[in-house]
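Notes follow the structure.
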Amino acid sequence: MPETLTFEIVYGYGDSEEGIAIPVTLASANGFYRASAKVDPGAEVCLFSNESGVQLGLDIERGIPRALGTIGGTTIESFGHEVTLQTLGITMTSVVYFAKYPGITRNLLGRLGWLRNLQIGIRDYDGKLFVAEYTEREQ
C-alpha cells in the first residue's frame, strides 16, 4: 500500500561529489557554533569536531564516553553532550558527540540525535533534500 509523506522544507544541496552537506547551528549555555555537516543515515550518532565543542564552551571529556568505529577500521574517542541543534529551521535538543582530539574535518548528522527526529526524502538526481519534523501518528 503506498504511503504519502508531506515535507515542510525542500533544501537544494547541489551536485557535490562530497555528499549532502547542510548548515547547522549548535548551541549550549556557554556559546554557539555554526558550520556545515554531512547527512549520514549510516552513522549511529551525530559527531562533531573537538574544536566545535570547545567553541561551545564544553568540557568535552566530561561528557558521555563513546568509541566510534570508522570505515577505515580506526576508532574515534568521543564524548556526548546535550546541546540545541538547529538544521534548516528545525530546532531540537540532542545528544551530540564531540571528538576527544582536534583535527576531525567532517561533522556528521547521524541517526540518534538528528535523523530520528525527522522524516527525510532525498532526490539526489535533482540535488534536493526534503525534510519535516517527525510526529508520531497512530497506526
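The values are calculated or read from the model by the stated rules, or taken from the named source; none is laboratory data. Because the structure is predicted, anything quoted here is derived from the model rather than measured. With ideal geometry, Cβ positions are generated from the backbone for all residues, glycine too; neighbour counts draw on all protein chains shown.
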Item to complete: List the number of the failed condition for residue 78; all other conditions in (1) within 24 Å of residue 7 (Cβ to Cβ); (2) in contact with a Phe, Trp or Tyr (Cβ under 6 Å, 6 or more places away or on another chain); (3) among the hydroxyl-bearing types (Ser, Thr, Tyr) hold.
Response: (1)
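Might you check whether a residue that is over 19 Å from residue 6 (Cα atoms) and touching a Phe, Trp or Tyr at 6+ places or on another chain (Cβ under 7 Å) occurs anywhere in the range 100-122? Reasoning before the result, please.
Taking the range 100-122 as the starting set, the residues that turn out to be over 19 Å from residue 6 (Cα atoms) are 100-113.
Pick out the ones that are also touching a Phe, Trp or Tyr at 6+ places or on another chain (Cβ under 7 Å) and you get 100, 107.
Yes.
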Response to the item:
Just one listed residue, out of 60, 64, 71, is touching a Lys or Arg at 6+ places or on another chain (Cβ under 9 Å), over 30 Å from residue 6 (Cα atoms) and either modelled with pLDDT of 95 or more or surrounded by fewer than 16 Cβ atoms within 10 Å (Cβ to Cβ) (or both), and it is 60
Worksheet entry | Residue match in the range 64-79 (condition: under 16 Å from residue 34 (Cα atoms) and polar (S, T, N, Q)) | no
Item to complete: Note down all Cβ pairs under 7 Å where the first residue falls in the range 29-47 and is free of Cβ contacts under 8 Å to residues at least 24 places away in the same chain, the second is surrounded by fewer than 14 Cβ atoms within 10 Å (Cβ to Cβ), and they're at least six residues apart or on different chains.
Response: none
Worksheet entry | Matching residues in the range 104-127 - criterion: being closer than 28 Å to residue 15 by Cβ, part of a strand (DSSP E or B), of a type in the set (A, V, I, L, M) and touching a residue at least 60 places away in the same chain (Cβ under 8 Å) | 108, 109, 120, 122
Worksheet, complete the sentence: Going through the range 95-124 in order, the residues found to be at positive phi and buried (at least 16 other Cβ atoms within 10 Å of the Cβ) are 113
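So that you can scan it fast, the table gives a plain yes or no per residue for (1) under 23 Å from residue 29 (Cα atoms); (2) of a type in the set (Asp, Glu); (3) part of a strand (DSSP E or B):
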{"site": "73", "(1), (2), (3)": "no, no, no"}
{"site": "81", "(1), (2), (3)": "yes, no, yes"}
{"site": "86", "(1), (2), (3)": "yes, no, yes"}
{"site": "91", "(1), (2), (3)": "yes, no, yes"}
{"site": "95", "(1), (2), (3)": "yes, no, yes"}
{"site": "102", "(1), (2), (3)": "yes, no, no"}
{"site": "132", "(1), (2), (3)": "no, no, yes"}
{"site": "135", "(1), (2), (3)": "no, no, no"}
